[in-house]
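Structure, as structure tokens:
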Amino acid sequence: MHVSLPCPNNIRKIPANFAWVDRRLRDKKLLGTTSFTELALYLFLILAADKQGVSYYSTEKIAGLFDYQMQPTDVIRYRNALFDKGMIGFLPFKNNYAEGVYQVLPLPNSIQQPVPCHHSTDISSLGDIIQSLQNSSYSGK
């Protein structure tokens with residue numbers, strides 16, 4: 001089957017540093033259960049990740065890259081939502097600390113049954129982390 005291209009003289013070439021988006025995001029209907037801001041953060045994390053899905057950006061740096069249309073507290077909220085949906089892992093650098101290591105995970109089959117992210121026993125629970133984040137304040141610079 002021959003398909004006419006809208007721009008045949010401008011065909012995309014995938015660069016060596018290509019960051020892919022798993023098509024299951026569409027196929028498993030995760031788009032409808034994930035907010036636009038959560039998807040924006042998810043896309044950023046895909047673009048920032050190494051080949052293991054890992055990145056280390058601070059919440060302040062991420063907010064700045066979004067030209068502060070997201071505040072650091074928003075980044076944390078969206079990060080927690082993606083974590084709860086099993087789309088990313090997050091490991092704080094130390095207990096009750098807002099900054100840490102992000103990992104883009106294989107997408108779950110559905111948001112209702114996320115793939116759990118296991119941590120060693122010396123890491124606080126997500127509830128403890130959320131509680132500590134609610135108690136901390138950000139300048140929003």
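Values in this text are rule-based calculations from the coordinates and carry no lab data. All of these numbers come straight from a predicted model, not from anything done at the bench. Virtual Cβ from ideal backbone geometry, glycine too; neighbours counted across all protein chains shown.
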Could you pull out the pairs from Lys13/Lys51; Lys13/Lys85; Lys51/Lys85; Lys61/Lys94; Lys28/Lys85 whose alpha carbons sit more than 24 Å apart here? Lys13/Lys85
Quick one: net charge of Leu31's neighbours, Cβ under 14 Å, K/R +1, D/E -1? +3
Would you pull out the residues with amide H under 5 Å of Ile88's amide H, same chain only if 5 or more places away, H placed 1.01 Å from N? Phe83, Leu105
Surrounding net charge for Ser55, when Lys and Arg each add one and Asp and Glu each subtract one, Cβ distance under 15 Å: 0
Once phi for every residue in the stretch 90-99 is put through the Karplus expression 6.51 cos²θ - 1.76 cosθ + 1.60 (θ = phi - 60°), the whole-Hz ³J(HN,Hα) values, with Gly and Pro written as x, are 9, 10, x, 4, 8, 3, 6, 10, 6, 9
